[in-house]
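Chemist: I am attaching a structure below and will ask some questions about it afterwards.
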Amino acid sequence: MNHLWLADFSDTMRIFTVIVVTEMMVVVYALSFLSLDMLFLNQLAVLSLLAQLIAITLILILSKIRPYLNQFTAYPGLLILLLITVVLTSLYTQFLAWVDHALGFGLIEDANLLNIKITLATTMTLLALLRYFYVQDQWAWQVNAHAKAEINALQARIKPHFLYNSLNSIASLISIDGPKAEQAVLNLSSLFRKAFSKKQTKVPLRKELEWVEEYLAIEKLRFADRLQFQSTVDTSLLDFDVPVLSLQPLIENAVLHGIEPVSKPGVIQLNINKQVSSMIITVTNPYHDQHQSQGSGSAVSNIKKRLQLSYDNKATLTQHQSSDLFVSQMVIPL
């Protein structure tokens with residue numbers, strides 16, 4: 001549960017919202033003494049100046065003391081915040097009234113009455129904005145929590161999928177080559193120890209590539225020289241995060257559909273490069289029209305769903321067949 005009762009007012013859109021709402025309150029209040037003369041316009045200008053000074057100062061103060069106020073529960077913290085607001089509003093109102101009197105403008109008739117009105121208006125506006133931003137934060141937190149839970153559920157589905165295939169690979173080795181089967185078990189153990197070490201939805205690209213290498217080490221024991229792997233990776237991308245277990249299933253599909261169906265050797269190619277502000281991951285494997293393994297496509301749809309949850313529509317996964325090659329391409333924003 002998100003326990004931060006005081007929202008972040010330093011966000012650009014929220015600063016704009018505060019300024020607009022403050023000006024709307026000034027205009028509504030000014031309607032109470034509406035008149036078609038310059039005095040009304042001058043008074044409106046003074047009120048706007050006063051209101052915006054209070055609003056901007058409060059934003060600056062809240063940005064600085066927000067961590068401190070959030071250490072309190074809602075009611076004590078809100079009491080401190082209201083006290084700060086009342087003191088600040090009174091100081092600004094009294095100072096502006098003094099300047100008006102000293103310069104002889106005569107725009108503020110009763111400073112004390114104006115002080116009470118401005119303080120009440122500021123307090124009500126602040127409470128309304130606090131409530132609005134708090135509800136907005138809670139909604140965003142719930143959406144993110146739901147997305148993260150769905151991503152974790154999808155990951156939980158893809159890991160058994162990989163486990164079953166790996167165990168089948170190891171099982172086929174036991175009667176043929178015991179030592180290789182033992183090594184495959186050790187590789188699988190290492191792979192899953194990393195995968196389940198902690199709940200994470202993203203990992204650096206270098207870690208994802210390590211998992212690919214360990215997976216291929218398992219499959220190499222089964223396919224030997226039939227499985228050939230080539231990779232070209234832009235090293236500047238190694239520390240960028242990618243969804244966990246998003247690359248390994250693509251390599252697994254390449255093995256399943258490009259290497260397993262026929263007895264002749266095949267090459268799986270992995271290319272990772274940067275284009276503008278995106279990471280382009282391309283996996284290419286042989287395409288055998290007459291010997292296609294029948295898969296459910298769950299791994300690919302799983303990755304697509306996790307990409308959507310992590311990046312909205314900014315990340316894509318596409319697949320197409322070109323001549324005697326099958327190409328999977330994943331685009332991830334940086």
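Chemist: From the set of residues in region 221-250 that are buried (at least 20 other Cβ atoms within 10 Å of the Cβ) and farther than 21 Å from residue 311 by Cβ, which is modelled with the highest pLDDT?
Modeler: If we take residues in region 221-250 being buried (at least 20 other Cβ atoms within 10 Å of the Cβ) and farther than 21 Å from residue 311 by Cβ, then 227 is modelled with the highest pLDDT.
Chemist: If I ask for residues that are over 13 Å from residue 89 (Cβ atoms), crowded, with 16+ Cβ neighbours inside 10 Å and aliphatic (A, V, I, L, M), which ones from region 120-137 would you list?
Modeler: Correct list: 129, 130.
Chemist: Also: Suppose we filter 235, 318 for residues that are under 17 Å from residue 207 (Cβ atoms), of a type outside the set (A, V, I, L, M) and without any contact (Cβ under 8 Å) to a residue 60 or more places away in the chain; which single one remains?
Modeler: Answer to the check: 235.
Chemist: Would region 317-326 turn up any residue that is of a type in the set (S, T, N, Q), assigned by TED's automatic domain parsing to the domain that holds residue 181 and touching a helix residue (DSSP H, G or I) at 6+ places or on another chain (Cβ under 8 Å)?
Modeler: Checked region 317-326: at least one residue is of a type in the set (S, T, N, Q), assigned by TED's automatic domain parsing to the domain that holds residue 181 and touching a helix residue (DSSP H, G or I) at 6+ places or on another chain (Cβ under 8 Å).
Chemist: Have a look at 15, 80 and point out the one that is without any contact (Cβ under 8 Å) to a residue 12 or more places away in the chain and in contact with a helix residue (DSSP H, G or I) (Cβ under 7 Å, 6 or more places away or on another chain).
Modeler: 80
Chemist: Just for helices (runs of 4 or more DSSP H) wholly inside region 174-263: which have at least 2 residues that are in contact with a strand residue (DSSP E or B) (Cβ under 9 Å, 6 or more places away or on another chain) and of a type in the set (A, V, I, L, M)?
Modeler: Helices (runs of 4 or more DSSP H) meeting the threshold: 205-223, 248-254.
Chemist: Looking at (1) without any contact (Cβ under 8 Å) to a residue 12 or more places away in the chain; (2) in a loop (DSSP other than H, G, I, E, B), which is the only condition residue 28 fails?
Modeler: Condition not satisfied by residue 28: (2).
Chemist: Next up: Scan (1) over 14 Å from residue 282 (Cα atoms); (2) in contact with a Lys or Arg (Cβ under 6 Å, 6 or more places away or on another chain) for the single condition residue 234 breaks and write down its number.
Modeler: (1)
Chemist: Also: Six or more apart or on different chains, Cβ under 8 Å: which pairs go from a residue in region 168-186 that's under 14 Å from residue 215 (Cβ atoms) and surrounded by 14 or more Cβ atoms within 10 Å (Cβ to Cβ) to one that's modelled with pLDDT of 80 or more and among the charged types (D, E, K, R)? Could you list them?
Modeler: As it stands, the answer is 169/219, since those pairs meet every condition given.
The values are calculated or read from the model by the stated rules, or taken from the named source; none is laboratory data. Source: prediction; values computed, not measured. FYI the Cβ positions are ideal-geometry reconstructions off the backbone, even for glycines, and counts take in every protein chain you see.
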